[in-house]
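Student: Can you read through this structure? Questions will come right after.
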Amino acid sequence: MSTLTNKIDFVAFISVAMANGNGDPLNGNRPRSDYNGYGELSDVCIKRKIRNRMQDMGKSIFVQSDDRCDDGCKSLAERAGKVISKDIKDRSLYAKVACENWLDVRTFGQVFAFSDKGSKSTDKNGVSVGVRGPVTVHQAVSIDPVDIESMQITKSVNGDTPRNAKGASGELSEKKSSDTMGQKHYVRFGLYKLKGSINVQLAEKTGFTDEDAEVIKECLRTLFVNDASSARPEGSMEVVKLYWFRHNCKAGQYSSAKVHRSVNAALVSPDTVPSSVDDYAIIVEPLDGLEPEIINGI
């Protein structure tokens, strides 16, 4: 199958309602936001969800999360060692084998820095290979500042019964450990704009094909399928629209920046505090000779 021949740019709008789309571990796991109050979803978060969707579709993935491991490997080094012979020292051949075996490697790229024993290393006895992937994803940023709210909760875990705890009679008490207090953070509502591109020159190097591009499109359309959690209840996050621009040449008819700027969302009533997608209108500025495929998310 031939590699990608036409540059692709895409823009997606994601709604977040009463959910924590991407918590910041350095800020008490509060939803990410910048200093001006605009919400953010990191590119790493988005790519994790795309990888998960690839896995759901039966594709072979190199960077797997622990709860989705499907090959029994406990580390990236172990996974690489099962597929790529340790006798391969040629960097280009190593990268070729990796790209042929794992969709996420030929999509996003990957750094392989493993010694012969399987531990991460850059010593001369191992191999250090960097693969640049053709698909790049920006962090998603909300159209307007978001309201981040916190709710006090009681965590009734009672995982341990206190030992040697004596009651008034002097006998061992069966009293459970006390509940603990905590907080749950969430965005009341936000509409986020996600941007990305697929580069043909890099696709030729990794073997990324038109079929792979269709997989990415489907992953973006269904980004939050099988992604529910207590922080992101089912239905709280949605891909509203996906705009898929396929250029008629390798380099692209327009720069990615111009394509991304051509699609925007704005409040229907500027004085409205947004509470749903219906409060926004999506505006597409026409680009001569480049029409987007407009896809409803799920």
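What follows is calculated from the coordinates using simple rules that are stated; it is not laboratory data. If you're wondering where the values come from, they're calculated on a predicted model, not measured in any experiment. Ideal geometry is used to build each Cβ from the backbone, glycine not excepted, and the neighbour counts take in all protein chains shown.
Student: What net charge is computed for the residues neighbouring F13, neighbours being all others with C-beta under 14 Å from the C-beta of F13, Lys and Arg scored +1, Asp and Glu -1?
Tutor: 0
Student: Here's something else I'd like to know. Provide the packing ranking of 75-81, 287-293, i.e. peptides ordered by the mean count of other C-beta atoms within 10 Å per residue, highest first.
Tutor: Top to bottom by mean Cβ count within 10 Å: 75-81, 287-293.
Student: How large is the helix-only mean residue ellipticity at 222 nm for the chain, computed as the sum of -39500 (n - 2.57) over DSSP H runs with n ≥ 4, divided by its residue count, in deg cm²/dmol to the nearest 500?
Tutor: Rounded to the nearest 500, it is -6000 deg cm²/dmol.
Student: Right, something else. Taking the alpha carbon gyration tensor of the range 1-59, what are the square roots of 5 times its eigenvalues, largest first, to the nearest whole Å?
Tutor: With the √(5λ) rule applied to the range 1-59, the semi-axes are 29, 16, 11 Å.
Student: How much of the calculated P(r) for the chain lies past 32 Å, in percent of all Cα pairs?
Tutor: 40
Student: I want to check a number: in the range 33-85, how many lysine pairs have alpha carbons closer than 18 Å, given a sequence separation of 8 or more or different chains?
Tutor: Close lysine pairs under the 18 Å cut-off: 4.
Student: To the nearest 20 debye, what charge dipole does the range 200-298 have about its Cα centre, counting +1 at the Cβ of each Lys and Arg and -1 at the Cβ of each Asp and Glu?
Tutor: 340
Student: Pairs of alpha-carbon atoms within less than 8 angstrom and 6+ residues apart define the contacts here; what relative contact order does the chain have, in percent?
Tutor: Result for the chain is 30 percent.
Student: When a footprinting reagent is the concern and you count Cβ atoms within 10 Å, what order do C99, C45 take, fewest first?
Tutor: C45, C99
Student: Using the 2.2 N^0.38 Å rule of thumb for compact globular proteins, work out how the range 1-155 stacks up: its C-alpha Rg over that value, please.
Tutor: Here the Cα radius of gyration is 1.27 times the empirical estimate.
Student: From Cα pairs below 8 angstrom and at least 6 apart in sequence, can you work out the relative contact order of the range 1-50, rounded to a whole percent?
Tutor: Computed over the range 1-50, the figure is 21 percent.
Student: While we're looking at this one, here's another question. How much net charge surrounds V273 when only the other residues with a Cβ under 12 Å from the Cβ of V273 are counted, with Lys and Arg +1 and Asp and Glu -1?
Tutor: Net of charged neighbours comes to -3.
Student: Highest first, please rank the peptides 55-64, 256-265, 7-16 by the mean number of other Cβ atoms sitting within 10 Å of their residues.
Tutor: The densest-packed peptide leads the list: 7-16, 256-265, 55-64.
Student: Also: Projected onto the charge dipole of the range 207-298 (+1 at Lys/Arg Cβ, -1 at Asp/Glu Cβ, origin at the Cα centre), which of P286, F245, S256 gives the Cα projection farthest towards the positive end?
Tutor: It is S256.
Student: I want the local charge near S142. Using Cβ-Cβ distances under 12 Å, sum +1 for each Lys or Arg and -1 for each Asp or Glu among the other residues.
Tutor: Neighbourhood net charge equals -1.
Student: Can you give me the C-alpha center-to-center distance between the range 71-95 and the range 248-298, rounded to a whole angstrom?
Tutor: So the two Cα centres are separated by 41 Å.
Student: Of the listed pairs K86/K250; K193/K250; K96/K195, which have alpha-carbon separations greater than 30 Å here?
Tutor: K86/K250
Student: Can you give the charge dipole size of the chain about its Cα centre, rounded to the nearest 20 debye, using +1 on the beta carbon of Lys and Arg and -1 on the beta carbon of Asp and Glu?
Tutor: Computed charge dipole of the chain: roughly 1040 debye.
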